[in-house]
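Inspection log for the structure reproduced underneath, given as structure tokens.
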Amino acid sequence: MTKAKLIQLIHIAKGQLGLDDDTYRAALLGSAGKTSCSQMSLPELNKVLEHFKKAGFKAKAKRRLSPKSSPKQHGEINKIRAIWITMHKQNIVHDGSETALDAYVNRMLNRAKVGANVSYHTQFLTQQQALKALESLKQWQKRESNKEQPRGNND
């Protein structure tokens, strides 16, 4: 881990543990012998981080979320994500994550292929692939919403 990343984690720990500046500096001095992270070596920064972990700091694991859309991306990808999230909220899709969406797109786009499957990631689809995935999702959502609507009584 880089020095900058360790310092960043130490400052996150300071905030998470609710340390005032005097207490923070005392913890640095006690665990590494210096009162400033910028003066510390990598082993000293690691000692400080371990000290904060023992004091209760928990670094949060990163989850894979939908990536930021760039203005260059075509709108279909944003629509695919929006429909996927909506279907998750409607309990049509059990896992609303980007990873699950990628798995669906992979299955759908590889369905007609014979031989080796290609790995697709939603954010890198061509416009043609995105249109195919979008239409498939819309049809799935439509089928599911038709199941929920009660049939009219023709008495």
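FYI, it's all coordinate maths here, none of it is from the lab. Computed from a predicted model, the values in this text were never measured in an experiment. Note that we place each Cβ from the backbone using ideal geometry, even for glycine, and neighbour counts take in every protein chain shown.
Residues Glu144, Glu76, ranked from the fewest to the most other C-beta atoms within 10 Å, line up as Glu144, Glu76.
Over segment 75-148, the Kirkwood radius and the radius of gyration, each from Cα atoms, give a ratio Rg/Rh of 0.96. The ranking of Met1, Met40, Met108 by Cβ neighbour count inside 10 Å, starting from the fewest, reads Met1, Met108, Met40. Once the Cβ-Cβ distance of Gln127 and Arg107 is raised to the sixth power relative to R0 = 22 Å, the FRET efficiency obtained is 0.65. A Förster radius of 41 Å combined with the Cβ-Cβ distance from Glu135 to Ala55 puts the calculated FRET efficiency at roughly 0.15.
Remark: the Lys3-Thr35 segment gains 9.9 nm on full extension, using 0.36 nm per residue and subtracting the alpha carbon distance.
Think of segment 3-54 as having a plus end and a minus end, set by charges on the Cβ of Lys, Arg, Asp and Glu; of Ala26, Gln16, Ala4, Ala4 sits farthest toward the positive end of this dipole.
Quick one: Debye curve from the alpha-carbon atoms of segment 3-54 only, equal weights, vacuum; give me log10 I(q)/I(0) at q = 0.26, 0.28, 0.31 Å⁻¹ to two decimals. Results for segment 3-54 at q = 0.26, 0.28, 0.31 Å⁻¹ read -1.00, -1.18, -1.46.
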